[in-house]
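The numbers here are math on the coordinates, done by the rules we state, and not lab data. Bear in mind that the values here come from a model prediction, so they are computed numbers and not experimental data. Don't worry about glycine lacking a Cβ; one is built from the backbone with ideal geometry, like all the others, and counts go over all protein chains shown.
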Amino acid sequence: MAEKKATKEAKIVKELMKQLQEKLAIIMEKNKALMDHQRKANEREKRLLELQQEVSKIFELETRMKKLKKMVSSQDDAVAA
């Protein structure tokens, strides 16, 4: 009787271990997918910051260009006068 009970308990434990391993495998797979998504999001954020810096440089260059055009225009007016 006790032997049957121990065998039954061992089978139950074995089945529970199997289920836990399956669930752990699923969790590990989902975790890997989440890590991949996080890595991609970090890469996109880094690229966005790089692009923002480039846009900032463009605005600075446009401002410099306007100033230079005004200077050239003033010099042209002075030469024409």
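Computed values, structure above
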| read-out | value |
| --- | --- |
| Cβ-placed point charges (K, R +1; D, E -1), dipole of the chain about Cα centre in debye, nearest 20 | 540 |
| Inter-label distance for residue 62 and residue 2, nm, one decimal - labels placed 7 Å from Cα along Cα-to-Cβ | 8.8 |
| 222 nm mean residue ellipticity, helices alone, for the chain (DSSP H n ≥ 4; -39,500 (n - 2.57); rounded to 500) | -37500 deg cm²/dmol |
| Efficiency of FRET from Cβ geometry, residue 47 and residue 13, R₀ 41 Å, rounded to 0.05 | 0.20 |
| Partners for residue 67 among aspartates and glutamates (Cα-Cα distance below 18 Å; same-chain residues under 8 apart left out) | 76, 77 |
| Alpha-carbon spread of the chain, three principal axes, descending order, Å | 119, 11, 6 |
